[in-house]
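Right, one structure below, let's go through it.
The values are calculated or read from the model by the stated rules, or taken from the named source; none is laboratory data. Just so we're clear, the structure is a prediction, and the values are computed from it rather than from any experiment. Positions of Cβ are backbone-derived with ideal geometry, glycine not excepted, and every protein chain shown enters the neighbour counts. We work out accessible area using only protein heavy atoms, side chains counted, and drop any ligands, DNA or RNA first. Shrake-Rupley method; radii C 1.70, N 1.55, O 1.52, S 1.80 Å.
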Amino acid sequence: MPGLIAASALVKLYAMGEETVHALDGVSFDIERGGYVAIVGPSGSGKSTLMNLIGGLDTPTGGRLHIDGHDIGAMDDSDLAVFRNRTIGFVFQSFNLLPRLTALENVELPLIYGGVESRRRKERAIALLRRVGLGERLAHKPTQLSGGQQQRVAIARALACEPQILLADEPTGALDTHTGREILALFKELNQEGVCVVIVTHDSEVAAQTARIIEMRDGKIVRDQHAPAPA
């Protein structure tokens, strides 16, 4: 049975002037439900391109990518938008919070797009902010929060629509070491609760916290290593 994320001979081409760049060149892998995976590699390796495809931000040039049974390549922009809202939660290095909105309002945004009525979305957003330890910061705007607190708001927002996949792009890159460890501990808790967590990172220490490392170079997978099972 294919995994939650199933890629087969995945290709992504970009035109750069007169040249064609193979950002992904025949990539195949499965990620199971509840997986905890790091995708690593240097700049230009294809990891960001792969993240964009998994997140439904782009579509493949060739091959197949199925996420929760949905063929990403067969979707139009409208289908992809609905898919992203229901299936993927995004966490970014730069947090991507709206500065004029409070923490509560930022977390409510995906629920507004999802058509959730006001009372229910507020209850959900409050519960999520409490879950990430920010129950006392509901009315604070991003500029009134530390970097770690902003990332926790971003994680709460990512979880708003109960996604099956949490896709994190360099989630600790803008944080100090201690705060970064706290965020990774939160990811581990969420994974243990059943969320599939995929972290795109160049940081080997971050990758080492996951259960599986997929390493990319020149648009290909060069290593796919599972962590040893606990003794």
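Here are the numbers for the structure shown:
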| read-out | value |
| --- | --- |
| Verdict on GLU189 being open to solvent by 10 Å² or more (accessible area, probe 1.4 Å), in a helix (DSSP H, G or I), among the acidic types (Asp, Glu) and closer than 24 Å to LEU98 by Cα | no |
| Count of segment 83-131 residues which are over 23 Å from ILE54 (Cβ atoms), not in a helix (DSSP H, G or I) and not acidic (Asp, Glu) | 7 |
| Segment 84-114, residues that are farther than 27 Å from VAL206 by Cβ and open to solvent by less than 70 Å² (accessible area, probe 1.4 Å) | LEU101, THR102, LEU104, GLU108, LEU111, GLY114 |
| Long-range neighbours under 6 Å by Cβ, at least six apart or interchain, first residue over 10 Å from ARG157 (Cα atoms) within segment 93-107, second assigned to a loop (DSSP other than H, G, I, E, B) | GLN93/GLU170; GLN93/GLY173; GLN93/ALA174; THR102/ALA139; THR102/LYS141 |
| Filtered residue count, segment 192-231, keeping only those that are part of a strand (DSSP E or B), more than 17 Å from SER45 (Cα to Cα) and of a type in the set (Val, Ile, Thr) | 1 |
| Subset of segment 64-80 [without any contact (Cβ under 8 Å) to a residue 24 or more places away in the chain, assigned to a helix (DSSP H, G or I) and under 21 Å from PRO110 (Cβ atoms)] | ILE72, ASP77, SER78, ASP79 |
| Residue match in segment 149-169 (condition: touching a Lys or Arg at 6+ places or on another chain (Cβ under 8 Å), assigned to a loop (DSSP other than H, G, I, E, B) and surrounded by fewer than 16 Cβ atoms within 10 Å (Cβ to Cβ)) | no |
| Residue in segment 212-231 that is touching a His at 6+ places or on another chain (Cβ under 7 Å) and buried (at least 17 other Cβ atoms within 10 Å of the Cβ) present | yes |
| Residues located in segment 7-43, provided they are open to solvent by 70 Å² or more (accessible area, probe 1.4 Å) and in a loop (DSSP other than H, G, I, E, B) | GLY17, GLU18, GLU32, ARG33, SER43 |
| Residues satisfying the stated conditions in segment 132-148, i.e. open to solvent by 50 Å² or more (accessible area, probe 1.4 Å), in a loop (DSSP other than H, G, I, E, B) and of a type outside the set (D, E, K, R) | GLY133, ALA139, HIS140, SER146 |
